[in-house]
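Encoded as structure tokens, the structure appears first; notes follow it.
What follows is calculated from the coordinates using simple rules that are stated; it is not laboratory data. Since this is a predicted model, take the numbers as computed values, not measurements. Reconstructed Cβ throughout: ideal geometry from the backbone, glycine too, with neighbour counts over all protein chains shown.
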Amino acid sequence: MKTEARTLAFSAFMALLIGCAGITATLASNSQAILLDGLFNLIYFSVALVTIKVSKLASRPDSESYPFGYSYFESLVNLCKGLLILGVSIFALVDAIAALLTGGREIVAGLAVIYALFATFACSVTAWVMHRSQRYVHSPLIVADKLNWVVNSVISAAVLAAFCLVIVFEQLGLNTFVAYIDSILVIAVVVLCLGVPVRMASQALKELLNKTPEEAIAVPVREAIKQALAGTHTHEVRVRMVRPGRLLYVMVHVVLPDEGTTSSLKAQDALRVRIDDEIRRCYSPVVCDVVFTADTHWAAPSCGLLINKTP
């Protein structure tokens, strides 16, 4: 799929389909592992509807109501996704431990295997579609969705393997262990995959708190600015950047001599163009604000409070 909206809509549809199938299969099989998978996908579907709306907002320019644009909505959505997945996982973990301590849970393995086969195939196909769409669309929302479907595929495959093991145990007459497999499976899946929602929520929270983006982005941008200003006499250059969602916002304060070839507005605008062009070579979309000043006070770090300044 070559558009962000269609890709996210496909992801939402698949989440709804698998979620409904999971809830239906739970009623017939009594498996908490399938219930976890069904709830996970239904919750993800509800968030996906918001994600589609946010993807449209993120491409809009700023407005009077949102003077810095809508990119922070992307980070907010990814934070909600991470926290929702984390909440469902913890709920499932506590429930599985309780079941394990009270004698396990009997399940209908045959139907569970059929559902697990369907879920593994559906999740794998969706993850592949998400991966393919990244060739045409660069979106943090799709990246987060792809990560979700990869994890979902692994979970479904583990559920399938465990339910096949239940059938093997039943054939061997080892019915004592069968009741515990479902709970052990849920615990194993949650423990192994818990890092994914934690990392997703953590990254989104850092973006919302205006933390400088990772070195893989920040270092090339700083080098691009240095390259753009090469040959220009400067007293000081301060670079600040944040990346809410897909948009990189860069503010550059350049302290120049009082007099010189860069003192005119025309020369400064030419430097702005050069800096913007160099940054766009290594990252896009980007908003770049370049401030020229002859006073280091205006480039110094500040908490926004009034600071005594010596003229």
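Between the helical axis of 72-101 and the dominant principal axis of the chain, each derived from Cα atoms, what acute angle in degrees is found, rounded to the nearest 10?
Relative to the chain, helix 72-101 is tipped by roughly 30 degrees.
Beyond a 26 Å Cα-Cα separation, which of these cross-linked pairs lie in this structure: K53/K226; K53/K146; K211/K266; K146/K226; K56/K226; K81/K226? Can you show the working numbers first?
Details: K53/K226 38 Å; K53/K146 18 Å; K211/K266 33 Å; K146/K226 35 Å; K56/K226 34 Å; K81/K226 38 Å.
In this structure, K53/K226; K211/K266; K146/K226; K56/K226; K81/K226 lie more than 26 Å apart at Cα.
Suppose we keep just the DSSP beta bridges with both residues in the range 152-299; what percent of those would be antiparallel, to 5? Intermediate results must be reported in sequence, preceding the final value.
Details: 7 of 15 bridges.
Looking only at bridges with both residues in the range 152-299, the antiparallel portion is about 45 percent.
Just subtract the alpha-carbon distance of V219 and N30 from 0.36 nm times their residue separation and send over the number in nm, one decimal.
Numbers: separation 189, 0.36 × 189 = 68.04 nm, distance 5.23 nm.
Working it through step by step, the gained length comes to 62.8 nm.
Equivalent ellipsoid semi-axes for the range 215-298, as square roots of 5 times the alpha carbon gyration tensor eigenvalues: give them largest first, rounded to whole Å.
23, 13, 11
Give me the base-10 log of I(q)/I(0) for the chain at each q in 0.11, 0.13 Å⁻¹, Debye formula, one uniform scatterer per Cα, rounded to two decimals.
The calculated log intensity ratios at q = 0.11, 0.13 Å⁻¹ are -0.76, -0.93.
For the ranges 97-109, 180-192, what's the packing order if you count other beta-carbon atoms within 10 Å of each residue, average per peptide, and put the highest first?
Working: 97-109: 15.3, 180-192: 19.8.
The packing order, highest mean first, is 180-192, 97-109.
Using the Karplus curve 6.51 cos²θ - 1.76 cosθ + 1.60 with θ = phi - 60°, work out ³J(HN,Hα) for each residue of the range 189-203 in order, rounded to whole Hz, and write x for Gly and Pro.
Whole-Hz 3J(HN,Hα) from phi for the range 189-203: 5, 5, 5, 5, 9, 4, x, 5, x, 5, 5, 4, 5, 5, 4.
With labels modelled as points extended 7 Å from the Cα through the Cβ direction, what inter-label distance (nm, one decimal) is found for A5 paired with H233?
The answer from the label model is 5.4 nm.
Counting helices only, and only those DSSP H runs with n ≥ 4, report the 222 nm mean residue ellipticity of the chain as the sum of -39,500 (n - 2.57) divided by its residues, in deg cm²/dmol to the nearest 500.
Working: 9 runs with 206 residues, N = 311.
The helix-only estimate for the chain comes to -23000 deg cm²/dmol at 222 nm.
Residue-wise, which Karplus ³J(HN,Hα) couplings in Hz belong to the range 39-45, taking 6.51 cos²θ - 1.76 cosθ + 1.60, θ = phi - 60°, and x for glycine or proline?
5, 4, 6, 5, 5, 5, 4
How far, in nm, would the chain grow between F169 and S65 when pulled straight, counting 0.36 nm per residue and subtracting the alpha carbon separation? Spell out each step's value before the answer.
Details: separation 104, 0.36 × 104 = 37.44 nm, distance 6.22 nm.
Result: 31.2 nm gained on full extension.
Restricting to the chain, what percent of DSSP beta bridges are antiparallel, rounded to 5?
Details: 7 of 15 bridges.
For the chain, the DSSP antiparallel bridge percentage is about 45.
May I ask you to list the residues of the range 148-185 whose amide nitrogen lies under 16 Å from a point 7 Å from Cα along the Cα→beta-carbon direction of L194?
Hits in the range 148-185 for L194 at 16 Å: 184-185.
Between I90 and L17, what length comes free when the chain is fully extended (0.36 nm per residue of separation minus the Cα-Cα distance, one decimal in nm)?
Values: separation 73, 0.36 × 73 = 26.28 nm, distance 2.35 nm.
Gain on stretching I90 to L17: 23.9 nm.
Any chance you could give the angle, 0 to 90 degrees and rounded to 10, that helix 265-282 forms with the longest Cα principal axis of the chain?
20 degrees
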